[in-house]
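Structure record follows, encoded as structure tokens.
The values are calculated or read from the model by the stated rules, or taken from the named source; none is laboratory data. Just so it is clear, the model here is predicted, and its values are computed rather than measured. In this analysis, Cβ positions are derived from the backbone assuming ideal geometry, glycine residues included, and neighbour counts consider all displayed protein chains. Calculation scope for accessible area: heavy atoms of the full protein, side chains included, ligands and nucleic acids excluded. Shrake-Rupley method; radii C 1.70, N 1.55, O 1.52, S 1.80 Å.
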Amino acid sequence: QLASLRYISLADNLFSGPIPLALTLLTDLDFGIDLSGNDLTGTILTELGRLRQIAWDLDISQNKLTGTIPTELGYLTKLERSFALADNPGISGTLPSELGELR
């Protein structure tokens, strides 16, 4: 029933566990997703790259995410304002060159 949702902010709650895969099925999210300030763990979903229509904001900062930054995030070529990963001390590796495709 959320198929036409354009923006979702679940910021600054006490959500824990991995980023829900169901968020990647919200194909009309053209404004963005804000999951900042939670206790999300695990890796950054490669499936977030499916959300190619997001044009404004993808914020997954201030969590407890680990691993590397998926190259699939370079598919978010409409993203114009913000792609925030800050304050996730478990993220490691290099920035994928595909992120150079972001605006």
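Would you point out the residue of segment 79-103, among those that are of a type in the set (D, E, K, R) and in a helix (DSSP H, G or I), that is surrounded by the fewest Cβ atoms within 10 Å (Cβ to Cβ)?
We begin by selecting, within segment 79-103, every residue of a type in the set (D, E, K, R); these are 80-81, 87, 98, 101, 103.
With in a helix (DSSP H, G or I) added as a condition, the list becomes 98, 101.
Values: Glu98: 17, Glu101: 13.
This residue is Glu101.
In segment 7-16, which residues are loosely packed, with under 14 Cβ neighbours inside 10 Å and either in a loop (DSSP other than H, G, I, E, B) or at pLDDT below 90 (or both)?
The answer is Asp12, Asn13, Leu14.
Inspect segment 30-49 for any residue being of a type in the set (Val, Ile, Thr), assigned to a loop (DSSP other than H, G, I, E, B) and modelled with pLDDT under 95 and give the result as yes or no.
No - not one qualifying residue is present in segment 30-49.
Could you tell me whether Ser4 is open to solvent by 20 Å² or more (accessible area, probe 1.4 Å), among the hydroxyl-bearing types (Ser, Thr, Tyr) and part of a loop (DSSP other than H, G, I, E, B)?
Yes.
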